[in-house]
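Novice: The structure's right below; bear with me while I get my questions together.
The values are calculated or read from the model by the stated rules, or taken from the named source; none is laboratory data. All figures in this text were calculated on a predicted structure; none of them were measured in a lab. So basically every Cβ, Gly included, is an ideal-geometry build from the backbone, and we count neighbours across all protein chains shown.
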Amino acid sequence: MAALTPETLPAPATVPEPGARPGRPRRFRAWRGVILFFAAVYFLVPLIASFAFTVKEPDQGFSLDAYGQIFSAEGFGRSILLSLGLGVATIALVLLLTLPAMLAVRLSVPKLRPVLEIVCTLPLVVPPITFVAGISRVLQWGPDYLATTPLYQTIISVQNPDFPIVLVLAYVVLALPFAYRALDAGLGAMDVRTLVEAARNLGASWPHLLFRVIVPNLRAALASAAFLTLALVLGEFTIAQLLSYQTFPVWIYTISDSQAQVSVAVSVFSLLITWLLLLGLSSAGARQRSGS
Amino acid sequence: MNGARVEFRGLRRTFGSTTALDGLDLTVEPGELVALLGPSGCGKTTALRCLAGFEHPDEGEILVDGSDITPVPANRRDAGMVFQSYSLFPNMSVKENVAFGMRVRKAPAAKRHARAQELLDLIGLPSIGDRYPHQLSGGQQQRVALARALALEPRVLLLDEPLSALDAKVRVTLREEIRRLQLSLGITTIFVTHDQEEALSMADRVAVLRAGRLEQVADPATLYDRPATPFVAEFVGTMNHIPGRVSGDRVTVLGQMLPVDGEVPGSTDVDVLVRPEAVLVTPEEDAGGLVMVSSFRGSIARLTVVLPDGTEVLSDVPGHDAVRLAPGTRVRVALVERPVLVSAATERAAGATPRAAVAVPEHNAV
């Protein structure tokens, strides 16, 4: 028998081809198409309608003018830069808060994990309107006898309209559930304890193992936490509007009164950018999974 | 590379209400391989983790070459460790994994690479340096983990059940390889396992732990032949308990007179402890024994034989005799003529049913 076995097995024969799986019954495939169609209608119709609205001109019929006007519109640059800056600051702060806390809980007090999870998920159930009402009440509070204290100055400086730190703080709270979920999935996919202990055993200090072992293996989770946070900040309207800061969504809303077409064009445009980011993110995640 | 002497002194560690270590005392000589063997929850892993610095003992001290290391943080201890679960860093290639410790110590790149290659040669995987952990088999991963642990030339090597996730064949070859490496490097090694066969086949000495205490520490042959306590007798291998009667320094059991090995208990009614391989069975038409169960394991078959008084006896016979001794066969049972261990017949005195053998779950004994 052994003599009949070829020395080198033809390698491709052992690997099943991706398409070679026995096909599902045609009935199921038809259903897949139907579901896809309805999902597509649900997402695409408003999008197409928005796009059609932005390119329709009374005289010419078709024009991309509205898109050209985006960049010259008053306040566009300032508001988008503000929102991006808030986004970056929020991402940095929320990751800095959640990652060490989650690692510490996983490694030394696993019993507290449900507590951390509940605390991080809580912002989802608090309506932003309640949240912002609370914030503005706190900001208004500032009795005169405190006027010379650092506390008062802090309250003033966090409300700086050029870069309202108070919005970063609020967005960190709003982003907690998303960051927590993303990081929890990432940490769950690796054996954190063993990796930490292996690195400690090989002499790594805590910062070394955090940046050389944990963070590189969490890249996809960190990216998705960052992305979700950025999307949240770029789209958050209620809090910024009620605290009267000109963030990107507030600006879109403001100009929709005077330049309706431009405001919709900006929305379509920002959606496009978000998609591109998402695409880049998921392909980065895929690259990491393949390990190259 | 030379091994260090490791001493556990009165080590105590509790987790809530459970006591993992209850005053463990154990000395491991330089260059020795000691296996910590015991059922799960006996504290063997806790002892190892205390030595690695991942747990802190509530009481007691751990001496490495005479100096107490309990206050030293885990990343400053001179002990390489191989973990039970796959512990290679997924984001690094095999070479980077092996060189990780040297990188932490800021060794120059050329030196790191040379040393990593040297270690990959040592573990017999010279050409996988550029692969990533997920491209390796379980056995390869554990080999690389071993290379990584040895890269810093530690004076103590800690193995926390490194083979338990591997399949039987790989496990046997890898344990032989670990032993070969350990002997050639002369590194003091502590090997935690729940697999008695692994412990007996690899270790210079085996330390059996029970509920955080040391039951016995001895070389494998002594441990198997002359277990110090009934617990060791039953945990290591399988023991028959056959009722017997002591007279002087001899004991009558199954109609045979055998010399007693070790201490003779005060009572005359005793349990005679006999290994299954020391129980001889021969088919005979009108004999009293009856083969009830035959479990075939390739090289041997383990028979459960019921004696006329209801006692069950386990017997190991060569695998090729299994057909001749199928269940239902009448057999005569005799013991090999050699000194036997006896223990006071506690179980029957307590009113328990005559139980002859306590079989410990064995892990791929074949």
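Novice: Among the residues of segment B:215-231, which ones are assigned to a strand (DSSP E or B) and either among the β-branched types (V, I, T) or surrounded by fewer than 20 Cβ atoms within 10 Å (Cβ to Cβ) (or both)?
Specialist: B:V217, B:A218
Novice: Across segment A:218-238, what is the number of residues that are surrounded by 22 or more Cβ atoms within 10 Å (Cβ to Cβ) and over 14 Å from the mean Cα position of the chain (by Cα)?
Specialist: The number of residues fulfilling the criteria is 1.
Novice: Collect the residues in segment A:188-209 that are assigned to a loop (DSSP other than H, G, I, E, B), within 31 Å of the chain's Cα centre (by Cα) and either within 8 Å of chain B (Cβ to nearest Cβ) or under 21 Å from B:C50 (Cβ atoms) (or both), keeping them in residue-number order.
Specialist: Within segment A:188-209, A:M190, A:D191, A:S205 meet the criteria.
Novice: Under the condition of being at the interface with chain A (Cβ under 9 Å from one of its Cβ atoms) and of a type outside the set (S, T, N, Q), which residue from segment B:126-153 is farthest from B:H113 (Cα to Cα)?
Specialist: Filtering first and then ranking leaves B:H134.
Novice: Of the conditions (1) within 30 Å of B:D121 (Cα to Cα); (2) within 14 Å of another protein chain (Cβ to nearest Cβ); (3) in contact (Cβ under 8 Å) with a residue 24 or more places away in the chain; (4) surrounded by fewer than 22 Cβ atoms within 10 Å (Cβ to Cβ), B:E96 fails just one. Which one is it?
Specialist: (3)
Novice: Follow-up. I'd like to verify a number: residues in segment B:99-121 that are assigned to a helix (DSSP H, G or I) and within 11 Å of chain A (Cβ to nearest Cβ), how many?
Specialist: 5
Okay, residues lined up against (1) in a strand (DSSP E or B); (2) under 25 Å from B:L307 (Cα atoms); (3) at pLDDT below 90:
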site: B:E234; (1), (2), (3): no, yes, yes
site: B:G262; (1), (2), (3): no, no, yes
site: B:G266; (1), (2), (3): no, no, yes
site: B:V270; (1), (2), (3): yes, yes, yes
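Novice: Okay, next question. Here is a list of conditions, (1) of a type in the set (A, V, I, L, M, F, W, C); (2) within 14 Å of chain A (Cβ to nearest Cβ); (3) over 30 Å from A:V215 (Cα atoms), and B:L11 meets all of them except one; can you say which number that is?
Specialist: Only one criterion in (1) of a type in the set (A, V, I, L, M, F, W, C); (2) within 14 Å of chain A (Cβ to nearest Cβ); (3) over 30 Å from A:V215 (Cα atoms) is unmet by B:L11, namely (2).
Novice: Right, B:A165: more than 11 Å from every other protein chain (Cβ to nearest Cβ), crowded, with 20+ Cβ neighbours inside 10 Å and more than 20 Å from B:R77 (Cβ to Cβ) or not?
Specialist: It is false that B:A165 is more than 11 Å from every other protein chain (Cβ to nearest Cβ), crowded, with 20+ Cβ neighbours inside 10 Å and more than 20 Å from B:R77 (Cβ to Cβ).
Novice: For segment B:54-84, how many residues are within 14 Å of chain A (Cβ to nearest Cβ), part of a loop (DSSP other than H, G, I, E, B) and surrounded by 16 or more Cβ atoms within 10 Å (Cβ to Cβ)?
Specialist: Of the residues in segment B:54-84, 6 are within 14 Å of chain A (Cβ to nearest Cβ), part of a loop (DSSP other than H, G, I, E, B) and surrounded by 16 or more Cβ atoms within 10 Å (Cβ to Cβ).
Novice: Here are B:T238, B:T252: which of them is polar (S, T, N, Q) and either within 25 Å of B:V64 (Cα to Cα) or out of contact with any helix residue (DSSP H, G or I) (no Cβ under 6 Å at 6 or more places or on another chain) (or both)?
Specialist: None of the others qualify; the one that does is B:T252.
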